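S.K.: Let me give you the structure first, and then I'll get to my questions.
Throughout, read-outs are computed from the coordinates displayed, never taken from laboratory work. Just so you know, these numbers come straight off a predicted model, no measurement behind them. Virtual Cβ from ideal backbone geometry, glycine too; neighbours counted across all protein chains shown.
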Amino acid sequence: MLPELLKKKSFFFHLYKIDKQIAEQYRAMPCPFCGDRLYCANYFRKPRGEPDGFPKEYFKRFSLCCGNQDCRHRVIPPSCRFMGRKFYWFPVIISVVSDIQGSILETGKFDPSGYLDISRNTLKKWLNFLQH
Ligand SMILES: [Zn+2]
């Protein structure tokens, strides 16, 4: 039941480019804890719900680490691909929640069937989290 847009690698590529630009802006700023320089400390995530044949590069979570040995704080720039530690891509979560909310408004019922392999409890958590 995912919209066609979420099945296109090009959509995720654009989100990747936005995240990369945000990370570059954050990297140009000093450490918010000590004022020292920030360095790349990217890592890979394994979210679910992407199109088949997804390039590994898109799974990269941009992250920064302070260069000061006494600080070493990690700075994680905001992302339009990842939602905290959630296991699914942020646009997938938004799309599914939006779809379910529309269905609830139309029918008055919560119908979790047909949303990938996402459990009913996970869907309820997303609904609760995004309603507040
Ligand atoms: Zn620092």
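S.K.: Determine which member of the set ARG85, ARG81, ARG74 is under 24 Å from ASP19 (Cβ atoms) and touching a Ser or Thr at 6+ places or on another chain (Cβ under 7 Å). Spell out how you get there, then give the answer.
M.R.: Values: ARG85 fails: touching a Ser or Thr at 6+ places or on another chain (Cβ under 7 Å); ARG81 fails: touching a Ser or Thr at 6+ places or on another chain (Cβ under 7 Å).
After ruling out the rest, the residue left standing is ARG74.
S.K.: Something else now. Just a yes or no: is a residue in the stretch 63-81 in a loop (DSSP other than H, G, I, E, B), of a type in the set (A, V, I, L, M, F, W, C) and within 16 Å of the ligand (Cβ to nearest atom)?
M.R.: yes
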